[in-house]
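What follows is a set of notes on a single structure, which appears directly below.
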Amino acid sequence: LELESRLRCALELGELELHYQPKLDLRSGRITGMEALLRWPSPGLGMVSPEQFIPVAEETGLIVPLGKWALRQACRQNMAWLAQGLDGLTVAVNLSPRQFSDPDLLTDIVSILHETGLDGRRLELEITESAIMQDAEAGRRLLRSLKSLGVRIAIDDFGTGYSSLSTLKQFPIDTLKIDRSFIADLATDPEDRGLTEAILQMARTLKLHVVAEGVENRVQQAFLRERGCDELQGFLFSKPLPAAEFAAFVHDQR
Ligand code: G
Ligand code: G
Ligand code: MN
Ligand code: NA
């Protein structure tokens with residue numbers, strides 16, 4: 001409860017920030033966009049990790065206003081970058097299970113896109129398999145509505161849930177993000193290599209875009225390139241950066 005009330009205040013006081021981690025196209029090396037990640041530099045507690053406060057926010061329902069703030073901030077920031085000439089970038093925002101089942105999510109997204117002026121096609125939502133499967137029929141309807149706004153849908157932490165090929169096929173999904181637990185030991189673990197290959201093959205069959213998360217070294221990069229992965233994200237290129245540093249990072253690459 002302590003952390004919850006502090007987090008509630010932090011949201012009201014504007015203490016929360018978004019950092020942005022670049023994603024790169026594996027073939028061209030160009031930055032395609034970024035994942036927005038919440039950060040809480042608390043004056044009292046120091047830097048609180050999202051691994052600590054997201055579960056609390058999820059349990060208490062505070063994730064709904066918090067997530068709405070993050071969505072608005074990410075869209076607003078992307079519009080600001082666009083005005084500075086950083087075009088062609090897609091911003092990805094994480095949605096927790098509770099947000100995904102929030103009846104107001106769709107209207108909130110419609111109004112945030114309207115208010116910020118961001119083209120829906122520049123927004124991607126990262127959702128876990130389990131969040132979508134809580135209520136598959138409602139999930140499918142919501143995804144269809146989001147698609148009609150042009151919003152892209154990515155399955156986050158892919159491979160850690162239970163989805164089969166046939167269930168995935170029934171949802172209008174654009175992207176799979178291979179969970180970083182598969183990527184971590186790609187150089188040495190034959191099982192992880194096999195599973196990653198299987199995911200890439202399956203994605204090709206379903207014509208899905210694939211992003212590998214947590215790429216930290218050239219061995220992983222080479223393995224993923226040879227097997228047709230589309231995009232990379234990870235410390236090899238950059239950790240999540242404050243907005244100004246992200247913009248500088250993109251400028252340096254162009
Ligand atoms: O950035 P980091 O690896 O510390 O994030 C830890 C976890 O917090 C990740 O699982 C990430 O998806 C989650 N997270 C970070 N930012 C957000 C956010 O804006 N919304 C939600 N729902 N989860 C987030
Ligand atoms: O669950 P989700 O995929 O949203 O979590 C994203 C988190 O993964 C980010 O908070 C980020 O800090 C972390 N992350 C990003 N790149 C790497 C990486 O290369 N290695 C590790 N260990 N973590 C990473
Ligand atoms: Mn994510
Ligand atoms: Na992930």
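The values are calculated or read from the model by the stated rules, or taken from the named source; none is laboratory data. Nothing here was measured: the structure is a model prediction, and the numbers come from that model. Cβ coordinates were reconstructed from backbone atoms using ideal geometry, including for glycine residues, and neighbour counts include every protein chain displayed.
Structure notes:
- Residue within the stretch 158-172 that is among the small types (Gly, Ala, Ser), out of contact with any helix residue (DSSP H, G or I) (no Cβ under 9 Å at 6 or more places or on another chain) and within 16 Å of ligand 3 (Cβ to nearest atom) present: no
- Flag for GLY44 being part of a loop (DSSP other than H, G, I, E, B), more than 16 Å from ligand 1 (Cβ to nearest atom) and under 19 Å from the mean Cα position of the chain (by Cα): no
- Exactly one residue out of LEU165, LEU176 is under 19 Å from GLY33 (Cβ atoms) and hydrophobic (A, V, I, L, M, F, W, C): that is LEU176.
- Meets criteria (closer than 17 Å to ARG152 by Cβ, touching a residue at least 24 places away in the same chain (Cβ under 8 Å) and over 14 Å from the mean Cα position of the chain (by Cα)) for ASP25: yes
- Just one of (1) within 30 Å of ALA248 (Cα to Cα); (2) modelled with pLDDT of 95 or more fails for PRO43. It is (2).
- Search result, residues across the stretch 83-97 that are among the aliphatic types (A, V, I, L, M) and within 13 Å of ligand 3 (Cβ to nearest atom): VAL91, ALA92, VAL93, LEU95
- So ALA92, is it under 22 Å from ALA244 (Cβ atoms) and more than 15 Å from the chain's Cα centre (by Cα): no
- Checked against the criterion of being modelled with pLDDT of 95 or more, of a type in the set (Ser, Thr, Tyr) and part of a strand (DSSP E or B), the stretch 175-194 contains one or more residues that satisfy it.
For every residue, the table says whether it meets (1) closer than 14 Å to ILE173 by Cβ; (2) of a type in the set (Gly, Ala, Ser); (3) within 16 Å of ligand 3 (Cβ to nearest atom).
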residue: TRP81; (1), (2), (3): no, no, no
residue: GLN99; (1), (2), (3): no, no, yes
residue: GLU137; (1), (2), (3): no, no, no
residue: ARG140; (1), (2), (3): yes, no, no
residue: LEU146; (1), (2), (3): yes, no, no
residue: VAL151; (1), (2), (3): yes, no, yes
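Yes or no, residue by residue, for (1) among the aliphatic types (A, V, I, L, M); (2) more than 16 Å from ligand 4 (Cβ to nearest atom); (3) touching a Lys or Arg at 6+ places or on another chain (Cβ under 6 Å); (4) modelled with pLDDT under 95:
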{"residue": "VAL93", "(1), (2), (3), (4)": "yes, no, no, no"}
{"residue": "ASP102", "(1), (2), (3), (4)": "no, yes, no, no"}
{"residue": "VAL110", "(1), (2), (3), (4)": "yes, yes, no, no"}
{"residue": "HIS114", "(1), (2), (3), (4)": "no, yes, no, no"}
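- Of everything in the stretch 78-110 that is closer than 17 Å to ARG144 by Cα and either acidic (Asp, Glu) or touching a residue at least 40 places away in the same chain (Cβ under 8 Å) (or both), the residue that is surrounded by the most Cβ atoms within 10 Å (Cβ to Cβ) is ILE109.
- Residue list for the stretch 159-198, restricted to those being in contact (Cβ under 8 Å) with a residue 40 or more places away in the chain and among the acidic types (Asp, Glu): ASP174
- Given (1) in a loop (DSSP other than H, G, I, E, B); (2) within 16 Å of ligand 3 (Cβ to nearest atom), index of the condition LEU118 fails: (2)
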